[in-house]
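The values are calculated or read from the model by the stated rules, or taken from the named source; none is laboratory data. The shown structure was predicted, so the numbers you read here are calculated from the model rather than taken from an experiment. Every residue, glycine among them, receives a Cβ derived from its backbone with ideal geometry; neighbour counts consider all protein chains shown.
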Amino acid sequence: MPQQHQQELKKQLWSMANSLRGSMSADDFRDYILGFIFYKYLSEKLNTYAEQLLDKNSVVFSELDETTVEDQKYLEIVQKAALDELGYFLKPSELFHSLANRGRKGEFILDETISVFKSIEQRTIGTDSFNDFNGVFDELDLTSHKLGKTSDARNKQITKVFDHLDNVNLHLEDSELDIQGSAYENLIAMFASSSGKKAGEFYTPKMISRLLAKLVTFNTPDINSVYDPTCGSGSLLLRVAKEANNPNIKLYGQEQNSNAHNLSRMNMIMHGIPYSNFNIKKGDTLEKPEHLEQRFNAVVAVPPFSVSWSRKTSFKSDPRFINYEQLAPRTKADFAFIQHMLYQLDDNGTMAIVVPHGVLFRGGAEGIIRKQLIKEFNYLDAVIGLPSNLFYGTSIPTCILVFKKNRINKKDILFLDASNDYHSTKANNSITEGTILNTLQTYAARNSVTLFSKAVSLGEIESNDFNLSITKYVTLYPTTEVKSFAELLSVFEKYNPKFTFFRGVVDKSFELRTTASRMNVKQDEIYKVEKAIFESFKQQAIPFLEFTPRDEWEWLALAQHHGLPTRLLDWSKNPLVSTYFAVEKELTKDAAIYVLTDRKEPFDTKDYSDPLELPNDEPVRRYIPPHLTGRIISQSGIFTVHNELNLPFYSGQIKKIIIPSRLKESFREQLYKFGVHKASIYPGLDGISDHIKWLETELK
């Protein structure tokens with residue numbers, strides 16, 4: 001029954017919130033409805049506590065007369081006890097149900113509601129709970145025109161919300177299952193999913209919180225403290241508290257955004273965390289850290305990705321950064337957050353942080369910091385790749401970095417690629433319970449699993465100049481290395497030519513990335529840049545066209561043909577053509593041929609008018625342009641169309657054939673015997689010239 005109550009409450013709260021919102025934006029209404037639910041919770045919690053306290057006197061708290069001397073004595077007793085135990089106090093006339101009743105009777109309750117919110121905060125002045133309640137209702141501006149243009153209109157809206165909410169049963173009697181906190185968190189999540197980009201400021205998706213929490217409590221469930229320097233709504237801190245084997249764990253956080261700061265404190269109280277067990281401060285963590293003198297058993301965070309920070313000269317003498325040769329770049333604070341968090345981590349603690357992939361490989365100051373963290377300090381324990389499009393407001397791929405100051409496995413770093421294990425919806429992707437379990441089991445065993453994980457020696461990482469790109473160490477695709485041209489042909493024979501497509505690359509380390517994904521732009525700007533350059537191409541190409549493209553798809557194929565970065569990836573139906581592309585250059589590097597088996601129907605361009613606006617859950621498909629150039633025909637070319645521009649293309653239907661560098665020249669000679677050469681692949685004078693040059697100067 002309690003679990004049924006939980007589900008009913010979640011549905012009831014969201015349905016109510018959605019029906020009452022009217023024309024107000026989800027972001028604005030979120031602050032109001034969550035604040036009102038918090039007020040109702042405080043009222044019911046206080047009333048229940050007071051009833052228990054006064055039970056032996058046969059006195060009903062909500063019926064006390066605040067004007068009589070006798071009842072005032074009872075109120076004083078309750079107030080003193082409640083401030084000490086709960087951290088706040090409400091008079092009977094200030095209880096949510098009392099105000100809701102008066103509103104139903106037609107009384108004007110707007111001003112009194114404002115007064116109640118102020119009273120809750122003012123009564124905590126001079127008490128231990130002051131910091132937890134001070135300003136907690138500041139963002140609930142009941143005088144705002146967002147609620148109505150006149151005070152009467154605002155009062156009507158408040159009365160309507162209170163009336164609906166008064167009929168919602170918060171089930172405080174089922175406190176052991178945290179029904180209220182779970183429903184409140186669910187409401188925050190649902191607002192996040194409808195708030196777009198701003199949602200990332202206050203909410204970390206539940207399954208990511210679970211994974212982070214399990215990582216920092218792994219083998220150390222009895223932690224005493226946890227810290228999140230960018231805590232948003234506090235959901236990540238609360239998740240660690242649930243995973244920890246310590247009911248008295250202390251939760252510490254800091255949050256710059258006022259709305260999120262207030263929401264996090266409400267969230268703590270709604271989850272039944274005693275006010276003495278959490279400490280959430282407001283402010284910029286990098287510029288003015290509030291917990292600098294403390295050290296924590298666990299540190300977790302999903303900091304804002306690649307934001308700017310001041311990078312003041314004074315930071316060079318800041319204890320958080322003084323031991324590093326460089327400060328993080330002004331335009332990318334990712335490593336500044338990492339350095340700050342490591343400073344706050346105690347010597348035997350564990351830290352888990354979500355960062356964008358750029359942190360793994362960017363050079364300059366970030367490369368120097370990364371080298372120090374690995375070689376000098378040896379703090380990095382694991383790199384875990386996550387699927388893209390997990391977070392609200394951004395689709396960029398991310399990963400988890402796990403740090404320990406006192407590592408057991410000091411000679412290697414575990415690389416784990418969970419980027420292809422997710423559940424997809426139209427809005428966002430989500431990792432599953434299976435993903436979490438598989439990740440934790442692999443992290444615990446630190447074993448190498450084909451296509452999934454590898455424990456990489458520090459020496460190998462140093463040989464790669466401390467580049468932590470996961471695909472350098474964990475192979476994405478089943479791989480075969482051929483030892484002769486005959487063996488290559490026999491491998492090709494195994495594939496059904498109707499459904500198989502090939503792509504040759506001169507360097508086996510080259511990933512399956514579109515030209516758009518290889519643009520030198522910030523990950524969170526790649527889609528905007530893609531659209532901008534495509535629009536510019538269409539405007540400027542018109543005078544030079546031999547034919548006029550009929551739709552956006554034909555424009556995209558034309559742009560790809562002429563070298564514009566696009567979301568199209570070239571393939572060939574002819575394996576020998578792809579072999580030529582693999583062996584024609586870079587004779588000192590091993591080459592590769594990617595083999596894709598695809599039985600899906602190609603894109604029907606009538607279903608999607610704009611290839612740059614495909615649904616997030618639309619799978620990669622083939623596209624065959626109706627206007628085939630001589631080059632596409634000669635190369636038996638087709639395209640695949642990709643939504644994800646920040647990660648390499650992965651499919652369980654892809655295999656990889658490696659051609660050792662020593663075989664490249666002989667393979668090219670063999671291809672010539674099969675009629676596959678520069679002139680056949682690039683019809684025209686340029687191809688003929690290059691082919692003649694090769695015949696006369698390079699062919700033995």
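Exactly one of (1) under 21 Å from ILE659 (Cα atoms); (2) in contact with a helix residue (DSSP H, G or I) (Cβ under 7 Å, 6 or more places away or on another chain) is unmet by LEU476. Its number? Going through the list (1) under 21 Å from ILE659 (Cα atoms); (2) in contact with a helix residue (DSSP H, G or I) (Cβ under 7 Å, 6 or more places away or on another chain), LEU476 breaks only (2). Would a scan of region 297-307 turn up a residue that is surrounded by fewer than 18 Cβ atoms within 10 Å (Cβ to Cβ), polar (S, T, N, Q) and part of a loop (DSSP other than H, G, I, E, B)? Taking every residue of region 297-307 in turn, none turns out to be surrounded by fewer than 18 Cβ atoms within 10 Å (Cβ to Cβ), polar (S, T, N, Q) and part of a loop (DSSP other than H, G, I, E, B).
Can you tell which of LEU612, LEU645, LEU596 is surrounded by 13 or more Cβ atoms within 10 Å (Cβ to Cβ) and in a strand (DSSP E or B)? Please lay out each step first, then the result.
Details: LEU612 fails: in a strand (DSSP E or B); LEU645 fails: in a strand (DSSP E or B).
Within the list LEU612, LEU645, LEU596, the selection yields LEU596.
When region 469-499 is filtered for residues that are touching a Pro at 6+ places or on another chain (Cβ under 7 Å) and part of a helix (DSSP H, G or I), the ones remaining, listed by number, are THR471, PHE492.
When we screen GLU554, GLU586 for residues that are of a type in the set (Asp, Glu), surrounded by 12 or more Cβ atoms within 10 Å (Cβ to Cβ) and assigned to a helix (DSSP H, G or I), the only hit is GLU554.
Here are some residues: LEU414, LEU440, LEU401. Which one is in contact (Cβ under 8 Å) with a residue 60 or more places away in the chain, in contact with a Lys or Arg (Cβ under 7 Å, 6 or more places away or on another chain) and hydrophobic (A, V, I, L, M, F, W, C)? Don't jump to the end; show me each part of the working.
Working: LEU414 fails: in contact (Cβ under 8 Å) with a residue 60 or more places away in the chain; LEU401 fails: in contact with a Lys or Arg (Cβ under 7 Å, 6 or more places away or on another chain).
Unique residue meeting the criteria: LEU440.
Pull up region 356-398, narrow it to residues that are assigned to a strand (DSSP E or B) and modelled with pLDDT under 95, then point me to the one that is nearest to ASP524 (Cα to Cα).
Initially, region 356-398 is screened for residues assigned to a strand (DSSP E or B), giving 356, 380-385, 398.
With the extra rule that they be modelled with pLDDT under 95, the set shrinks to 356, 385, 398.
Numbers: PRO356: 10, GLY385: 17, THR398: 11 Å.
The selected residue is PRO356.
I want to confirm something. Restricting to region 414-436 and keeping residues that are touching a Phe, Trp or Tyr at 6+ places or on another chain (Cβ under 9 Å) and not in a loop (DSSP other than H, G, I, E, B), which single residue is surrounded by the fewest Cβ atoms within 10 Å (Cβ to Cβ)? That would be SER430. Scanning region 112-163 for residues that are among the aliphatic types (A, V, I, L, M) and in a loop (DSSP other than H, G, I, E, B), we see that the one that is surrounded by the fewest Cβ atoms within 10 Å (Cβ to Cβ) is ILE125. Of everything in region 342-371 that is buried (at least 17 other Cβ atoms within 10 Å of the Cβ) and among the polar types (S, T, N, Q), the residue that is nearest to ASN643 (Cα to Cα) is THR350.
Checking the condition at pLDDT 90 or above and acidic (Asp, Glu), which residue from ASP607, ASP617, ASP570 passes? Only one candidate qualifies: ASP570.
Going through THR471, THR500, THR515, THR439 one at a time, which residue ends up being over 25 Å from ALA582 (Cβ atoms), surrounded by 15 or more Cβ atoms within 10 Å (Cβ to Cβ) and among the polar types (S, T, N, Q)? Lay out the reasoning, then the answer.
On the way: THR471 fails: over 25 Å from ALA582 (Cβ atoms); THR500 fails: over 25 Å from ALA582 (Cβ atoms); THR515 fails: over 25 Å from ALA582 (Cβ atoms).
Answer to the check: THR439.
Taking each residue of region 479-500 that is closer than 18 Å to VAL676 by Cβ and outside the structural domain of VAL595 (by TED's automatic domain parsing) and looking for partners that are of a type in the set (Gly, Ala, Ser) and surrounded by 11 or more Cβ atoms within 10 Å (Cβ to Cβ) with beta-carbon atoms closer than 7 Å, six or more apart or interchain, yields nothing.
Residues that are surrounded by 15 or more Cβ atoms within 10 Å (Cβ to Cβ), modelled with pLDDT of 80 or more and farther than 24 Å from THR432 by Cα do not occur anywhere in region 187-208.
Take the residues of region 66-84 that are over 14 Å from ARG123 (Cβ atoms) and of a type outside the set (A, V, I, L, M, F, W, C): which is surrounded by the fewest Cβ atoms within 10 Å (Cβ to Cβ)?
Narrowing region 66-84 to residues over 14 Å from ARG123 (Cβ atoms): 66-74, 77.
If we keep only those that are of a type outside the set (A, V, I, L, M, F, W, C) as well, we get 66-68, 70-74.
Numbers: GLU66: 11, THR67: 7, THR68: 11, GLU70: 9, ASP71: 16, GLN72: 13, LYS73: 11, TYR74: 19.
Within region 66-84, the match that is surrounded by the fewest Cβ atoms within 10 Å (Cβ to Cβ) is THR67.
Starting from residues that are out of contact with any helix residue (DSSP H, G or I) (no Cβ under 9 Å at 6 or more places or on another chain) and of a type in the set (Asp, Glu), keep the ones in region 23-70 and report whichever is nearest to VAL161 (Cα to Cα).
At the first step, the residues of region 23-70 found to be out of contact with any helix residue (DSSP H, G or I) (no Cβ under 9 Å at 6 or more places or on another chain) are 23, 25, 28, 52, 55-56, 58, 67-70.
Among the residues that remain, those that are also of a type in the set (Asp, Glu) are: 28, 55, 70.
Values: ASP28: 15, ASP55: 32, GLU70: 35 Å.
Within region 23-70, the match that is nearest to VAL161 (Cα to Cα) is ASP28.
Considering (1) closer than 21 Å to VAL78 by Cβ; (2) at pLDDT 90 or above; (3) not aromatic (Phe, Trp, Tyr), the lone condition that ASN134 does not fulfil carries the number (1).
Within region 225-249, track down each residue that is of a type in the set (Lys, Arg) and in contact with a strand residue (DSSP E or B) (Cβ under 9 Å, 6 or more places away or on another chain). Talk me through it step by step, then tell me what you get.
Initial filter on region 225-249 (of a type in the set (Lys, Arg)): 239, 242.
Result: ARG239, single match.
For region 652-659, the criterion of a residue being modelled with pLDDT of 80 or more, farther than 19 Å from GLN560 by Cβ, part of a loop (DSSP other than H, G, I, E, B) and out of contact with any Gly (no Cβ under 6 Å at 6 or more places or on another chain) is satisfied by at least one position.
I need the full set of residues from region 253-292 which are part of a loop (DSSP other than H, G, I, E, B) and either at pLDDT 95 or above or among the small types (Gly, Ala, Ser) (or both), in order please. Write out each step before concluding.
Kept after step one, since they are part of a loop (DSSP other than H, G, I, E, B), are these residues of region 253-292: 256-257, 271-274, 283-292.
Correct list: GLY272, GLY283, ASP284, THR285, LEU286, GLU287, LYS288, PRO289, GLU290, HIS291, LEU292.
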